[in-house]
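Enquirer: One structure is given below, represented as structure tokens, and several questions about it will come after.
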Amino acid sequence: MKAVYPVLFTQTEDTVLIEVPDLELLTEGKDLFEAVNYAKDVIELVIVTLEDDHKSVAAASDLDAIDVNEGTFAEYGRTIKSLVAVDSDSYRKTMETGNE
């Protein structure tokens, strides 16, 4: 499955908090580079898990439908919204071969 999900990145003093509203995912990274990579990884992992369990995967919302002021971490710092492209088939192949 190839998709592009909207993601909220909230910069705090020492970390970047990550929210993927469509999949109800929360995580964090030490900086924006790590946060973007973590967001991609966690989205792909969740999609692969849902696919393996024969469960439906939430469709990605339109970026304009996401309000940064309503994000889980909005009060902790400056929040930006962005898109993260994912490919569960590619992720699955990488995990099966162990090549990251």
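The values are calculated or read from the model by the stated rules, or taken from the named source; none is laboratory data. Bear in mind the structure is a predicted one, so any value in this text is a computation, not a measurement. No Cβ is skipped: glycine too gets one built from the backbone with ideal geometry, and neighbour counts run over all protein chains shown. In case anyone asks, the SASA skips ligands and DNA or RNA and just uses the protein heavy atoms, side chains included. Shrake-Rupley method; radii C 1.70, N 1.55, O 1.52, S 1.80 Å.
Enquirer: Residue check: is Glu19 assigned to a helix (DSSP H, G or I) and closer than 24 Å to Asp89 by Cα?
Expert: no
Enquirer: Going by what's in this entry, would Ala3 be described as among the aliphatic types (A, V, I, L, M), out of contact with any helix residue (DSSP H, G or I) (no Cβ under 6 Å at 6 or more places or on another chain), within 20 Å of Lys93 (Cβ to Cβ) and surrounded by 13 or more Cβ atoms within 10 Å (Cβ to Cβ)?
Expert: Working: among the aliphatic types (A, V, I, L, M): yes; out of contact with any helix residue (DSSP H, G or I) (no Cβ under 6 Å at 6 or more places or on another chain): yes; within 20 Å of Lys93 (Cβ to Cβ): yes; surrounded by 13 or more Cβ atoms within 10 Å (Cβ to Cβ): yes.
Yes: the conditions hold for Ala3.
Enquirer: Restricting to the range 41-81, and then to whatever is touching an Asp or Glu at 6+ places or on another chain (Cβ under 7 Å) and under 20 Å from Thr10 (Cα atoms), can you tell me which residue is least open to solvent (accessible area, probe 1.4 Å)?
Expert: The extreme case among them is Gly71.
Enquirer: Moving on to the next point. Would you mind stating whether Lys40 is in contact with a helix residue (DSSP H, G or I) (Cβ under 9 Å, 6 or more places away or on another chain), outside any helix (DSSP H, G or I) and modelled with pLDDT of 95 or more?
Expert: The answer is no for Lys40.
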